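Take a look at the structure below.
The values are calculated or read from the model by the stated rules, or taken from the named source; none is laboratory data. Quick caveat: nothing in here was measured; it's all calculated off a predicted structure. Using ideal geometry, Cβ is built from the backbone for each residue, glycine included, and neighbour counts are taken over all protein chains shown. Just so you know, the surface numbers come from the protein's heavy atoms only, side chains and all, with ligands and any DNA or RNA stripped out. Shrake-Rupley method; radii C 1.70, N 1.55, O 1.52, S 1.80 Å.
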Amino acid sequence: MMDLEKLCQALPKLELHAHLNGSLSMDTLKKLYKMQNPNSKSSEDTLMSIKNFSSLDECFKVFNIAHSLTTTPEAVFHSTYDTIKEFKEDNVIYLELRSTPRAIEGKMTKQEYVEAIIKAFEICKTDFPNILLKLLISINRKQGYKAAQDNIELAINFFKKYPQYIVGLDLSGDPMTGSTFLELLRKARLAGLKIAAHCAEVPNETETIDILKFKPDRLGHCTCIHPTLQGSSKLFNLLLDSKIPVELCLTSNIQCKTVSTYESHQFKYLYEVGHPICLGTDDKGVFHTSLSHEYKIASSTFGLKQEQLLKLCLSSIEYTFATLEEKQALLYEIEKFAKECN
Ligand code: 6MZ
């Protein structure tokens, strides 16, 4: 029997909740800083503030640092390439990245932003053939209706051209502001895109019910749908009835203080009743985590043994936005690993 750390590292894992600009490691940020400021000796002061936050609100300010360094197609390409490489080194065999296209005047259009990611995907396909890559185009709820409409149109067009990579939309951004644009997401769904929506990161019963009724293909976080929270049992039952898979990001929720302890994380309640769940890193750079580490925390906090960890990887296959053929290949990989373990 392998020790827990080694086992979690060796498991062939599936990452279904990773925001590109939140996933950039310190090494990648330093590299981007050097590209942008070739004559500057130190990047430490600028980049150190990335560690200083203690709430969900402050966490959103940290993204500005990564965003200030990914303002050209070249920087977006390097960010994507390095992030994929790091996930691959953590034995992730399926990576669904998500990112919000950004236009920077005189430097980059939203179209070029997405093309830079696709270019990195294409090169990684050759360099790292053992990791299957998909992209969700994100809509930042704070950026308003027009930006949401533009991103959806962009996603639909890229989906037509690169259906092997562009598989859906992600609704994200600061949950304290903005809108969910469900009517726009409906249009995208009709065009064949899958929908992953952040849901109930902060208490908002009306919005949560609207999202659950919309029935996205997957939900992110659901921190405020918790059977022990006052008045939340109705939402918890609605979530269970919906059977919508939930992407859970343990470290992210603890560091943003939307969940007080690992022990009380909604993982426990959803896992106990057999609701479909998967583990994700959210923003591995910002939260200094890895998918292996998230598996390790789940194991040590909730007592999951090798067999249950393997099952968690296996069941995640079903919730991916991969094709049937791709899912079979992923299943084969994990079963092969399971046999080698026995
Ligand atoms: C909601 C989040 C998030 O898109 O620039 N993002 N949205 N909740 C979270 N939990 C902590 N973590 C990240 O990556 C960064 C963007 O992802 C979203 C935010 O909109 C953030 O600006 P991209 O690649």
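Data table
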{"item": "Selection from G144, T126, F77, by position along the positive dipole direction of the range 69-162 (Cβ)", "result": "G144"}
{"item": "Ranking by accessible area, most exposed first, for Y271, Y145 with a 1.4 Å probe", "result": "Y145, Y271"}
{"item": "Cβ-placed point charges (K, R +1; D, E -1), dipole of the range 176-279 about Cα centre in debye, nearest 20", "result": "320"}
{"item": "Most positive-pole-ward Cα, H19, S290, C256, against dipole of the chain from beta carbon charges", "result": "H19"}
{"item": "Share antiparallel - DSSP beta bridges, the chain, percent rounded to 5", "result": "5"}
{"item": "DSSP beta bridges in the range 1-152 [antiparallel fraction, %, rounded to 5]", "result": "10"}
{"item": "Among 162-170, 245-253, the order from most to least packed when residues are scored by Cβ within 10 Å on average", "result": "245-253, 162-170"}
{"item": "Carbon + sulfur, % of accessible area of the range 207-342 - ligands and nucleic acids excluded, 1.4 Å", "result": "53"}
{"item": "P(r), alpha carbons of the chain - 10 Å bins starting at zero, rounded %", "result": "5, 26, 37, 25, 7, 0"}
{"item": "Peptides 225-231, 68-74 ordered by average Cβ neighbours within 10 Å, highest first", "result": "68-74, 225-231"}
{"item": "Evaluated at q = 0.19 Å⁻¹: base-10 log I(q)/I(0), Debye formula over Cα of the range 170-295", "result": "-1.09"}
{"item": "Packing-based order for 204-212, 117-125, using average beta carbon neighbours within 10 Å, highest first", "result": "117-125, 204-212"}
{"item": "Approximate spin-label separation F337-Y162, in nm, with each point projected 7 Å along Cα-to-Cβ", "result": "2.6"}
{"item": "Computed helical MRE - 222 nm, the chain, DSSP H runs ≥ 4 contributing -39500 (n - 2.57), nearest 500", "result": "-16000 deg cm²/dmol"}
{"item": "Charge dipole magnitude, Cβ of K and R +1, D and E -1 - the chain, Cα centre, debye nearest 20", "result": "460"}
{"item": "Positive-end extreme of charge dipole, the chain - chosen from T208, I166, H67 (charges on Cβ)", "result": "I166"}
{"item": "The range 46-175: radius of gyration over Cα atoms, expressed as a fraction of 2.2 N^0.38 Å", "result": "1.07"}
{"item": "Charge tally in the Cβ shell below 10 Å around G168, where Lys, Arg are +1 and Asp, Glu are -1, G168 excluded", "result": "+2"}
{"item": "Accessible area in square angstrom per residue, the chain, 1.4 angstrom probe", "result": "44"}
{"item": "Max mean-square fluctuation residue, GNM over the chain, Cα-Cα springs under 10 Å, options S23, S54, S79", "result": "S54"}
{"item": "Residue among S299, S316, S233 with the largest mean-square fluctuation in a Gaussian network model of the chain, springs linking Cα atoms under 10 Å", "result": "S233"}
{"item": "The range 235-342, dipole about Cα centre (Lys/Arg Cβ +1, Asp/Glu Cβ -1), debye to the nearest 20", "result": "260"}
